[in-house]
1. Please determine whether any residue of the range 11-31 is without any contact (Cβ under 8 Å) to a residue 40 or more places away in the chain and open to solvent by 60 Å² or more (accessible area, probe 1.4 Å).
2. Confirm whether residue 167 is within 16 Å of residue 54 (Cβ to Cβ), in a strand (DSSP E or B), in contact with a Gly (Cβ under 9 Å, 6 or more places away or on another chain) and not basic (Lys, Arg).
3. Being within 30 Å of residue 58 (Cβ to Cβ) and modelled with pLDDT of 95 or more is the filter here; which residues of the range 1-21 pass it?
4. Considering only residues that are part of a strand (DSSP E or B), in contact (Cβ under 8 Å) with a residue 40 or more places away in the chain and surrounded by 12 or more Cβ atoms within 10 Å (Cβ to Cβ), which ones fall in the range 130-143?
5. Tally time: how many residues in the range 106-119 are assigned to a loop (DSSP other than H, G, I, E, B), open to solvent by 50 Å² or more (accessible area, probe 1.4 Å) and either under 13 Å from residue 56 (Cα atoms) or touching a Ser or Thr at 6+ places or on another chain (Cβ under 8 Å) (or both)?
6. Within the range 170-180, how many residues are surrounded by fewer than 19 Cβ atoms within 10 Å (Cβ to Cβ) and assigned to a loop (DSSP other than H, G, I, E, B)?
7. Would you be able to say whether some residue in the range 90-111 is within 19 Å of residue 49 (Cα to Cα) and without any contact (Cβ under 8 Å) to a residue 12 or more places away in the chain?
Amino acid sequence: TLYTIESDADNRYLKTESDGSASGVIYSKEFNANEFPKVRWKWRVENIYKKGDVKTKEGDDYPLRVYIAFKYDPEKANLMDRIKYNAAKLFYGYYPPHSAISYIWSSKEYQENVFTSRYTDKAKMIILEQGSANVGKWLTEEVNILEDYRSAFGSDPPSTATIVIMNDSDNTGEKAISFVDYIEVSR
């Protein structure tokens, strides 16, 4: 997976490319999701996946996704979560997120728009774009992460969050190119 800054006459943007691979770019600054619940961005994909399918592990790839990762707080965790997260911290050197919402550009079209990750019930995927109708077009999205989290998880999210951008094709073995023009959080 390759992430580069590209530019044209008027603008600079993040170009993401994957080729049978997966990785993400994590924005290192955190923000308070309660104070800044709106997230807005502009994105474009150049292609979708033939084998992409949100309902299977083998098809769990997206030419572009924007994650909102919510920070794990050991002081608010139950005993089982503390044990699991402490083990993860020993292995990785840091705590993984408490939970995440992944806003995706799905290759296939579905009636429903919220799915649980095939890897963990702590991650929910929300389809914002699907299919090939808008491939190659710049689209602006705006979401309310508090409302989406409550709808997806049935509870309030942790207050501290960060943003992750990902283009992945490790499960399908395909290739994708996509772009992000900007991401902003607001009240």
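1. Among the residues of the range 11-31, at least one is without any contact (Cβ under 8 Å) to a residue 40 or more places away in the chain and open to solvent by 60 Å² or more (accessible area, probe 1.4 Å), which makes the answer yes.
2. yes
3. Result: 2, 3, 4, 14, 15, 16, 17, 18, 19, 20, 21.
4. Once the filter is applied, which keeps residues that are part of a strand (DSSP E or B), in contact (Cβ under 8 Å) with a residue 40 or more places away in the chain and surrounded by 12 or more Cβ atoms within 10 Å (Cβ to Cβ), the range 130-143 yields 139, 141, 143.
5. Qualifying residue count, the range 106-119: 3.
6. Final tally of qualifying residues: 2.
7. Yes, the conditions are met somewhere in the range 90-111.
Residues are listed down the side, and each one gets a yes or a no for (1) touching a Lys or Arg at 6+ places or on another chain (Cβ under 8 Å); (2) over 17 Å from residue 145 (Cβ atoms); (3) part of a loop (DSSP other than H, G, I, E, B):
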{"residue": "3", "(1), (2), (3)": "yes, yes, no"}
{"residue": "16", "(1), (2), (3)": "no, yes, no"}
{"residue": "23", "(1), (2), (3)": "no, yes, no"}
{"residue": "36", "(1), (2), (3)": "yes, no, yes"}
{"residue": "41", "(1), (2), (3)": "no, no, no"}
{"residue": "49", "(1), (2), (3)": "no, yes, yes"}
{"residue": "52", "(1), (2), (3)": "yes, yes, yes"}
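The values are calculated or read from the model by the stated rules, or taken from the named source; none is laboratory data. Quantities reported herein were computed from a predicted structural model and do not represent experimental measurements. Glycine gets a Cβ as well: all are built from the backbone with ideal geometry, and neighbour counts include every protein chain shown. Heavy atoms of the whole protein, side chains included, go into the accessibility calculation; ligands, DNA and RNA do not. Shrake-Rupley method; radii C 1.70, N 1.55, O 1.52, S 1.80 Å.
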